[in-house]
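> Below is the structure I would like to discuss, written out as structure tokens.
Every number here is computed from the coordinates shown, using simple stated rules; none is lab data. This one's a predicted model, so the numbers in the text were calculated from it and none came from an experiment. So basically every Cβ, Gly included, is an ideal-geometry build from the backbone, and we count neighbours across all protein chains shown.
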Amino acid sequence: MIELNEEQRMIINTVKQIAQEKIKPRAAEIDENEEFPWDTIKLFAENGLLSPLLPQQYGGIGAGYLLFALILEEISKVCASSALILIAHTDGMLSILCGPDENLKKKYLPQFAKGKLAAFAATEPDAGSDILSMRTRAVRKGDSYILNGQKCFITNGSAADIISVYAYTDPGKRAKGLSAFVVEKGTKGLIYGKDEKKMGMCGSINCELLFEDMVVPVENRIGEEGGGFTNMMVALDMSRMFTASQAVGLAQGAIDEAVKYAKQRIQFNQPISRLQGIQFMLADMEANTEAARQLTYHAAQIMDNEQWNQVPKTSAMAKFIASDNAMRVTTDAIQVMGGSGYIKEYPVERMMRDAKLIQIYTGTNQIMRAVTAREMLKD
């Protein structure tokens with residue numbers, strides 16, 4: 001159980017209203033048309049929801065991690081793509097916020113409060129789970145770095161105004177040779193590749209980014225040279241809790257649809273909700289989602305309590321438990337609804353397609369299990 005103060009309850013009530021009245025009616029359309037929902041971005045910005053974790057000194061509302069988890073959960077109940085845009089934006093913002101550079105924070109963080117969109121660029125064609133195999137290089141020349149390389153699957157990539165980019169400044173040092181940079185839209189040498197055609201999350205953009213002699217000022221380096229890997233892992237550890245919240249909301253949304261349908265669908269002269277086989281399926285869906293929810297809230301509260309040594313393990317566990325559950329629940333929701341669940345008139349088929357990606361991004365669930373085991377086996 002969690003307790004919210006009056007201000008937090010007002011925020012969540014606002015999110016619920018926006019989700020149900022503004023985002024839900026658009027969810028099927030943006031999925032079908034593979035449309036980036038700029039109207040939703042504007043809606044988030046107008047209501048202080050684009051960057052809720054942004055401290056008040058930079059123009060944000062200074063929400064805690066648990067409150068952000070609740071926000072993501074409510075949005076994900078109706079549109080996981082819209083929640084993904086928010087997660088990717090927050091990842092890019094956190095790279096700057098968690099860095100040591102006050103000048104960078106003063107320059108860029110207030111822009112996010114005004115509606116500017118961020119992205120987080122680490123993944124490459126040969127560097128996914130094995131992120132240290134990235135080939136993007138940053139070579140210093142005077143007061144600038146020259147970046148060459150390629151990123152892929154970057155959420156918000158071609159839509160973002162500000163991108164946190166990771167590149168090697170000293171490849172021989174591996175993790176200690178990785179650095180992070182802030183790159184603005186319009187930077188010379190920043191080229192946008194294709195937007196990927198995806199099975200799910202079709203209302204969000206995942207694209208290629210190409211760097212061809214891209215010039216980035218030294219003052220746009222986040223922290224010292226070699227500090228990029230630590231910066232990246234801090235952001236990713238947090239993001240895994242965000243994706244867990246997304247998975248919980250998505251699963252709950254599917255449950256709500258399945259319950260509603262089961263009460264209305266008549267077979268054998270009665271609603272199918274009276275059939276024990278259906279009841280058992282719904283009970284398992286509800287129980288497992290509640291378990292995932294409580295683990296996710298626990299991970300968020302650990303962050304709010306600044307117990308940072310516990311974050312990698314707890315966030316990893318929450319991510320793989322919640323997203324594996326979302327995949328099962330959305331699949332079972334389709335089964336409860338039968339043929340109706342399989343057609344696009346109902347949202348559960350979209351929810352199942354969306355759920356699959358959550359098992360993959362911010363670290364595959366196999367990697368999340370490896371992270372959990374590594375933390376367990378530390379001396």
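> When only C-alpha pairs under 8 Å and at least 6 residues apart count, what is the relative contact order of region 118-229, in percent?
On the way: 278 pairs, mean separation 35.2, N = 112.
Relative CO of region 118-229 lands at 31 percent.
> If you count, for each residue, the other Cβ atoms within 10 Å and average over each peptide, how do 358-367, 70-79, 169-178, 151-160 line up from highest to lowest?
The densest-packed peptide leads the list: 70-79, 151-160, 358-367, 169-178.
> Is there a pair in Lys106/Lys176; Lys42/Lys106; Lys42/Lys263; Lys106/Lys198; Lys116/Lys356 whose C-alpha atoms are over 25 Å apart, and which pairs would that be?
Lys106/Lys176; Lys42/Lys263; Lys106/Lys198; Lys116/Lys356, as the Cα separations exceed 25 Å there.
> Farthest toward the dipole's positive end in the chain, which of Gln56, Val234, Leu210, given Cβ charges of +1 (Lys, Arg) and -1 (Asp, Glu) about the Cα centre?
In the chain, that residue is Leu210.
> Compute the FRET efficiency between Gln267 and Glu21 as 1/(1 + (r/R0)^6), taking r as their Cβ-Cβ distance and R0 = 25 Å, and round to the nearest 0.05.
So, using R0 = 25 Å, E works out to roughly 0.15.
> Oh, and also: With n ≥ 4 as the cut-off for DSSP H runs, can you work out [θ] at 222 nm for the chain, using -39500 (n - 2.57) per run divided by the number of residues, rounded to the nearest 500?
Computed ellipticity for the chain at 222 nm equals -17000 deg cm²/dmol.
> Additional query: Quick one: what Rg and Dmax do you get for region 57-187 from the alpha carbons, in Å?
Calculated on Cα positions, Rg and Dmax stand at 15.7, 50 Å.
> Can you give me the span-like helices of the chain, meaning DSSP H runs with 30 Å or more of Cα extent along the axis and Kyte-Doolittle mean at or above 1.0?
Qualifying helices, which must be both long enough and hydrophobic enough, do not occur.
> Next question, about the same structure. Pairs of alpha-carbon atoms within less than 8 angstrom and 6+ residues apart define the contacts here; what relative contact order does the chain have, in percent?
Relative CO of the chain lands at 17 percent.
> Could you grab the relative contact order for region 6-113? Cα pairs under 8 Å, six or more apart, rounded to a whole percent.
29
> Taking the Cα centre of region 19-129 as origin, work out the dipole magnitude from +1 charges on Lys and Arg Cβ and -1 charges on Asp and Glu Cβ, in debye rounded to 20. Kindly include the intermediate steps, with their values, before the conclusion.
Details: 10 positive and 15 negative charges, 120 e Å.
In debye, rounded to 20, region 19-129 gives about 580.
> Also, I was wondering about something else. Pull up the cross-link candidates among the lysines for Lys141, meaning alpha carbon to alpha carbon under 16 Å and not fewer than 8 places away within one chain.
Correct list for Lys141: Lys188.
> Right, here's the next one. Calculate the FRET efficiency for Ile12 and Val139 from the Cβ-Cβ distance with a Förster distance of 35 Å, rounded to the nearest 0.05. Can you show the working numbers first?
Working: r = 47 Å, r/R0 = 1.35.
Efficiency, rounded to the nearest 0.05: 0.15.
> Would you kindly work out the equivalent ellipsoid of region 312-373 from its C-alpha gyration tensor and give its semi-axes, the square roots of five times the eigenvalues, largest first in whole Å?
28, 10, 7
> So how strong a dipole does region 233-376 carry about its Cα centre when Lys and Arg Cβ are +1 and Asp and Glu Cβ are -1, to the nearest 20 debye?
Details: 15 positive and 14 negative charges, 64 e Å.
Dipole about the Cα centre, nearest 20: 300 debye.
> With only alpha-carbon atoms in the gyration tensor, what are the semi-axes of the equivalent ellipsoid for the chain, in Å, largest first?
36, 21, 20
> Also: With +1 on each Lys and Arg Cβ and -1 on each Asp and Glu Cβ, how big is the dipole of the chain about its Cα centre, in debye rounded to the nearest 20?
320
> How far apart, in nm, are two points set 7 Å out from the Cα along the Cα-to-Cβ line at Asn148 and at Asp256?
5.1
> Can you tell me how much longer the chain between Lys42 and Trp308 gets when fully stretched, taken as 0.36 nm per residue apart minus their C-alpha distance, in nm with one decimal?
That pair, Lys42 and Trp308, stretches by 92.5 nm at full extension.
> Same structure, new question: In nm, to one decimal, how far is the Ile2 label point from the Lys176 one, both placed 7 Å along Cα→Cβ?
3.9
> Now a separate question. Describe numerically, in nm with one decimal, the distance between label points set 7 Å from Cα along Cα→Cβ at Gln301 and at Leu377.
Taking the simple label geometry, Gln301 and Leu377 are separated by 3.0 nm.
> Based on alpha-carbon atoms only, what is the radius of gyration of region 204-362 relative to the globular estimate 2.2 N^0.38 Å?
1.35
> As an exercise, use a Förster radius of 45 Å and the Cβ-Cβ distance of Glu32 and Ala287 to find the FRET efficiency, rounded to the nearest 0.05.
0.85
> Can I get the semi-axes of region 118-229's equivalent ellipsoid? Compute them from the C-alpha gyration tensor as square roots of 5 times the eigenvalues, in angstrom, largest first.
The three semi-axes for region 118-229 are 23, 16, 11 Å.
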